[in-house]
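Engineer: After the structure tokens below, expect a handful of questions from me.
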Amino acid sequence: MNDPETLVHALNQALTQVQPRYVLVIVTERQGSESKVVHAEWREFAEALALYDGARRIQHNDGEDKA
């Protein structure tokens with residue numbers, strides 16, 4: 001069990017088993033130096049991950065447009 005590949009495989013198996021089915025998605029709005037929650041809801045993990053990825057891509061693209 002000291003083989004690094006075996007340990008990585010075992011860790012990946014353990015992480016797969018503990019992946020949440022639902023997560024709480026919280027949307028905030030920033031006004032100056034303050035933030036406030038404008039929306040919160042439970043979503044399935046895969047759907048929430050897709051929303052997060054889409055938001056990060058939009059944020060990244062907006063940053064490129066301003067450069």
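Conditions (1) in a loop (DSSP other than H, G, I, E, B); (2) open to solvent by 100 Å² or more (accessible area, probe 1.4 Å), marked per residue:
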residue: ASN2; (1), (2): yes, yes
residue: GLN13; (1), (2): no, no
residue: ARG30; (1), (2): no, yes
residue: LYS36; (1), (2): no, yes
residue: GLU41; (1), (2): no, no
residue: ALA46; (1), (2): no, no
residue: ALA50; (1), (2): no, no
residue: ASP62; (1), (2): no, no
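Engineer: Ok, one more. Could you grab the pairs with beta carbons closer than 9 Å, sequence gap of 6+ or different chains, first residue in segment 1-12 and without any contact (Cβ under 8 Å) to a residue 40 or more places away in the chain, second one open to solvent by 100 Å² or more (accessible area, probe 1.4 Å) and of a type outside the set (Phe, Trp, Tyr)?
Structural biologist: LEU7/MET1; ALA10/MET1
Quick grid of which residues meet (1) at pLDDT 90 or above; (2) among the charged types (D, E, K, R):
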{"position": "ASN12", "(1), (2)": "no, no"}
{"position": "GLN17", "(1), (2)": "no, no"}
{"position": "VAL25", "(1), (2)": "yes, no"}
{"position": "GLU34", "(1), (2)": "yes, yes"}
{"position": "HIS39", "(1), (2)": "yes, no"}
{"position": "ARG43", "(1), (2)": "yes, yes"}
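Engineer: Moving to a separate point now. Residue under question is LEU7, and the condition is that it be surrounded by 10 or more Cβ atoms within 10 Å (Cβ to Cβ), out of contact with any Pro (no Cβ under 6 Å at 6 or more places or on another chain) and in a helix (DSSP H, G or I); does it hold? Can you show your working first?
Structural biologist: Values: surrounded by 10 or more Cβ atoms within 10 Å (Cβ to Cβ): yes; out of contact with any Pro (no Cβ under 6 Å at 6 or more places or on another chain): yes; in a helix (DSSP H, G or I): yes.
The answer is yes for LEU7.
The values are calculated or read from the model by the stated rules, or taken from the named source; none is laboratory data. Please read these numbers as outputs of a predicted model, since none were measured by experiment. Every residue, glycine among them, receives a Cβ derived from its backbone with ideal geometry; neighbour counts consider all protein chains shown. Ligands, DNA and RNA are stripped out before the accessible areas are found, and what is left, the full protein with its side chains, is counted by its heavy atoms. Shrake-Rupley method; radii C 1.70, N 1.55, O 1.52, S 1.80 Å.
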